[in-house]
1. To the nearest 10 degrees, how steeply does helix B:228-244 sit against the main Cα axis of chain B, on a 0 to 90 scale?
2. Fully extended, how many nm does the chain gain between A:Met209 and A:Gln88 (0.36 nm per residue separation, minus their Cα-Cα distance)?
3. Pick out, in residue order, every one of the trypsin sites (Lys or Arg not before Pro) in the stretch B:250-305 that is DSSP loop and has at most 16 other C-beta atoms within 10 Å; say none if there are none.
4. At 7 Å along Cα-to-Cβ for each site, give me the label-to-label distance between A:Ser329 and B:Ser167 in nm.
5. Round to the nearest 10 and report in Å² the accessible area of A:Glu237, as given by a 1.4 Å probe over the protein chains' heavy atoms.
6. In the stretch A:280-335, if the dipole is taken from +1 on Lys/Arg beta carbons and -1 on Asp/Glu beta carbons about the Cα centre, which of A:Gly313, A:Cys298, A:Gly326 is farthest to the positive end?
7. At 1.4 Å probe size, with the rest of the protein present, what percent of the exposed accessible area of the stretch B:31-73 is carbon and sulfur atoms?
8. Which of rounded, prolate or oblate describes chain B when judged by the alpha-carbon gyration tensor and an a/c cut-off of 1.5?
Amino acid sequence: MSKDMTKPLLSVRGLTLDIPLARGTLHAVRGIDFDLYRGETLCIVGESGSGKSLTSLAVMGLLDKNIQRRAERMDFDGTELTRASNRQMRALRGDRIAMIFQEPMTSLNPAYTIGDQLIEALRLHRSVSRDTARARAVELLEKVGISAAASRLGQYPHQLSGGLRQRVVIAMALMCEPELIIADEPTTALDVTIQAQILRLLVDLTKEMDVAMILITHDLGVVARVADKVGVMYAGELVETGPAAEVFGKPMHPYTRGLLRCIPQPGMTERGGELGTIPGIVPSLIGAVQGCAFRTRCPHATEACGGEIPVRGEQSHRFLCVYADGARSVEGEPA
Amino acid sequence: MLPFILKRLGLAILVALTVSFISFSLLFLSGDPAAALAGETASGEDIEAVRVLYGFDRPMLVQYSEWLMRAVRGDFGESYYFKLPVASLIAERLSVTMILGACGISFALLTAVPLGVVAAIRPNSIVDRFALFLSVAGQAMPSFWFGLILIVVFGIKLGWLPPSGASSWRHFIMPTVVLGYYAMPAIMRLTRAGMLEVLNSDYIRTARAKGAGEGRVLFKHALRNAIIPVVSLAAVQMGFMLGGSIVVESVFALHGAGYLAWESIARNDLPTVQALILIFSMFYIVFTFLADVLNAWLDPRMRSS
């Protein structure tokens, strides 16, 4: 296993996902590019239905059979995922790439103890004894902050609260020391008080164990706290990607700026003032989609927005817009 | 697990007692038993004599407790018709019925569950359509007619299997198929529906995300959860097969307990009917209890509720 730090761990180019429907083809994800280096956290943000979850399932090779996946490149540390066999994908899944899902209440099998499920995660990929796997499970349960870990192994998922279950799911994802964790809205289904704890735990552990993470969320507050890199997704496209500080400090795409105006910011938002909203709805992606998908809601849309949209910006911070400055000057933002 | 089993056992005993009382009461619900026994030409004195002879003049609860005590020891009295102990009469017939029931339910489960699983893995495929066709045909076709068709084809035209009787294992093949095919459609469709639902659940996606292979996903993670309602259904079907295989037993001239029940009802042979009702109900109770225990083992959530 080469540990080349100069090459991305995961490099995706031109990922396209089409879903054939009776009414026509749904272009759910339309040619997205991103790179993720070892130990980095990439947050993908966007509204529901923007294609975030599908993108993560596409990397895992867990898409429904009816979804057509195409990509110029989906390179995971030298393995081309688009050409990997089922066997190769199975060997990667849970071992080098782990996934954490949104619903802790239903993502554990109700018929088996959490011990069985944790042990299985390790023994699917390592030929270790049950006792060794058990010891590892206890170690990780303690790491994710579960008290009396050894006695929890015999418990069933229905005996645990949502927060505890999500801790178990995180422990399960870490069993094989993966290099990449894909977390699909891991805190959305939890109580607000628990959300922050679980998120902190996830971020601390990934940093501690030097695991790269793709964190999918629609919560910009979360992104601001944990992301190294941000990808803003709109209607199946990554409309803006870049280092978190740059995207938050100087958002280039009109949609990113719209999103940021929707959340209150300390010291920026006036007390009693109104938060921003983005008028309109996400366009249908069924049939041929041309031009910028955001133009129906963008205050700066022109004729040109219906045509080919150029990729702007430098290598690390890029966005898709007909305006060279993403219409920042039109909005009176500093250049 | 043990408190659950004890609770269910207590419940089963209560149900059994209730059922035993009802089956005992049948004797009185169907008119004056003494008059029925004494015959149509009997005088009033004759009837009274019979009443005293059989103890029908005593309080009902006394008679019930006596009858129950004897029944627990396996003494169900004497058949009015055969003038033989009911217990030995039934014991002789029950073995045929039990073999047939066990074969029938095994045949049903062994065809229905795999077919249901395959149909769920590939919905709307040829296998799924074939399974649907089989189940619709099974539900639509009366057992006696299917039995007769088998007899005509395999018993008479081809001469492969004996058309009636119970003297060798070959005699049980056609009855097993007919009885099993009766139970198969419901089990198959329940398995298919359960698997379809479970395969779309989050924990199956989790299992795949862990890197589990398809076989493991299907059999370890999915089937165990999908089979739970099937267990309950199979228990009821099994009870039905033991008690209600009258049609199949008649068609193939297998003189089992179902056939005996039918005959005894026609002959007004109340001790035999009582005993059979009691035994058939006990089968239901025992199988339901076993299904509950099996389900509790399969599904830990059931144990705590």
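The values are calculated or read from the model by the stated rules, or taken from the named source; none is laboratory data. Owing to the predicted nature of the structure, the values given are computational and were not obtained by experimental measurement. With ideal geometry, Cβ positions are generated from the backbone for all residues, glycine too; neighbour counts draw on all protein chains shown. What goes into the accessible areas is simple: the full protein's heavy atoms, side chains included, and nothing from ligands, DNA or RNA. Shrake-Rupley method; radii C 1.70, N 1.55, O 1.52, S 1.80 Å.
1. Rounded to the nearest ten degrees, it is 30.
2. Residue separation times 0.36 nm, minus the Cα-Cα distance, leaves 41.1 nm.
3. B:Arg267
4. Distance between the two pseudo-spin positions: 10.7 nm.
5. Accessible surface of A:Glu237 is approximately 40 Å².
6. A:Cys298
7. Reported share for carbon and sulfur atoms: 60 percent.
8. oblate
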